[in-house]
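First up is the structure itself, then whatever we jot down about it.
Just so it is clear, none of the values below were taken in a lab; they were calculated from the coordinates. A quick note: this is a predicted structure, and the numbers were derived from the prediction, not measured. Using ideal geometry, Cβ is built from the backbone for each residue, glycine included, and neighbour counts are taken over all protein chains shown.
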Amino acid sequence: MDKLDYTVKDYEKFPEMFNPVMFDADAWVSMAKNAGMKYIVLTSKHHEGFGLWDSKVSDYDVMDTAPFKRDIVKELSEACKKQGIKFCLYYSIVDWHHPQAQGNLYPNYNIAQHDDPSVVNPKFPEYFKNYMKPQVKELLSNYGDIGVVWFDGDWISDYTTEMGKELYSFIRDIQPNTIVNNRVDKGRTGMDGMNNKPGQFAGDFGTPEQEIPDTGIDSDWEACMTMNGSWGYKPSDNNWKSSEDLIEKLVDIVSKGGNFLLNIGPDGFGRFPAESIRRLNAMGEWTKINGEAVYGASASPFEKPKWGTLY
């Protein structure tokens with residue numbers, strides 16, 4: 001919808017074909033666990049509005065619209081519980097499909113219009129109250145303990161800091177022990193991911209995107225990055241980071257007090273790309289040997305050394 005300017009109507013035919021018949025929740029979790037990961041964050045609904053769980057709030061989901069007819073959130077949550085991995089969920093505030101969200105303010109809406117700060121959908125508060133919050137409640141009520149709720153899309157003009165604070169409290173009332181990222185509110189600017197606007201904002205940790213801060217940060221944070229240049233599955237994107245580069249990034253992040261949220265874009269059949277699997281295996285071998293220096297570590301008081309310097 002973003003890169004090819006598909007309208008809502010153009011895009012709707014793709015969820016109707018969504019059938020990842022080779023999806024195996026146990027295999028996904030095993031690969032993550034063997035790579036040294038301690039938690040998984042699943043994209044339950046991205047900006048295009050399609051849900052990967054059995055939502056009673058909407059029919060635009062994997063159970064009602066797609067031929068797959070399996071609750072992906074449920075299967076992954078159960079696999080995580082079985083294998084001792086914390087299960088977490090991403091949810092997009094932006095919804096390009098819902099008529100009361102910013103997306104359908106135009107009859108032939110395309111994504112080029114969604115960043116216009118002068119355009120505000122007067123129906124967005126209704127979407128927030130009657131659609132978004134009930135969907136978040138479903139995710140927090142029906143799938144056991146959720147370790148992290150990871151929001152995105154806080155930049156749109158319709159979404160307000162008052163909504164963010166309300167949503168944060170709403171989540172904590174349902175699951176008091178869950179952690180919520182700072183994109184639940186509107187305190188950050190740009191992709192550096194930390195709250196840097198004046199004022200008090202909701203959220204438990206910062207979210208630098210595709211970058212690592214130059215120095216350690218006193219507050220909690222997590223860097224999110226892609227393995228190549230794309231968040232979703234894109235077979236033409238061969239710009240893969242090497243295993244060595246990813247391991248160096250892990251060390252750099254941990255040495256500055258952060259966590260590493262490393263993205264994997266499965267293909268349409270529900271499989272991890274072979275390139276992702278190779279890198280996960282390499283990181284797993286490394287963490288099996290060096291995990292003691294990573295897990296539970298805090299920020300180093302020293303400046304970052306140059307990689308590979310010989311004396």
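Quick rundown of the values:
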{"quantity": "Cβ-based exposure ranking for Tyr6, Tyr295, in which fewest neighbours within 10 Å come first", "calculated": "Tyr295, Tyr6"}
{"quantity": "Rg to Rh, two decimals, where the chain supplies the alpha carbon set and Rh follows Kirkwood", "calculated": "0.95"}
{"quantity": "Pairs from Lys3/Lys38; Lys86/Lys133; Lys69/Lys234 whose Cα-Cα separation, in the structure shown, is over 28 Å", "calculated": "Lys3/Lys38"}
{"quantity": "Relative contact order of the chain, defined on C-alpha pairs under 8 angstrom at six or more residues apart (%)", "calculated": "15 percent"}
{"quantity": "Cross-link partners of Lys74 among aspartates and glutamates (Cα-Cα below 14 Å; sequence separation of 8 or more within a chain)", "calculated": "Asp24, Asp26, Asp54, Asp61, Glu138, Asp145"}
{"quantity": "Along principal axes, Cα extents of the stretch 154-311, largest first, whole Å", "calculated": "50, 45, 28"}
{"quantity": "Relative exposure of Val254, Val94, judged by other C-beta atoms within 10 Å (fewest first)", "calculated": "Val254, Val94"}
{"quantity": "Candidates Lys45, Lys56, Lys33, ranked by Gaussian network fluctuation over the chain, Cα under 10 Å, top entry", "calculated": "Lys56"}
{"quantity": "Enclosed volume per residue, in Å³, of the convex hull spanned by Cα atoms of the stretch 7-71", "calculated": "105 Å³"}
{"quantity": "Taking only Cα atoms of the stretch 218-294, radius of gyration then Dmax in Å", "calculated": "13.2, 41"}
{"quantity": "Listed residues Asp158, Asp59, Asp252, most fluctuating in the chain (Gaussian network, C-alpha, under 10 Å)", "calculated": "Asp59"}
{"quantity": "Centre separation in Å (Cα based) which lies between the stretch 197-227 and the stretch 18-74", "calculated": "26 Å"}
{"quantity": "Net charge of neighbours whose Cβ lies under 14 Å from the Cβ of Asn228, counting Lys and Arg as +1 and Asp and Glu as -1", "calculated": "+1"}
{"quantity": "Most fluctuating residue given options Met63, Met191, Met227, as computed from a GNM of the chain linking Cα atoms under 10 Å", "calculated": "Met191"}
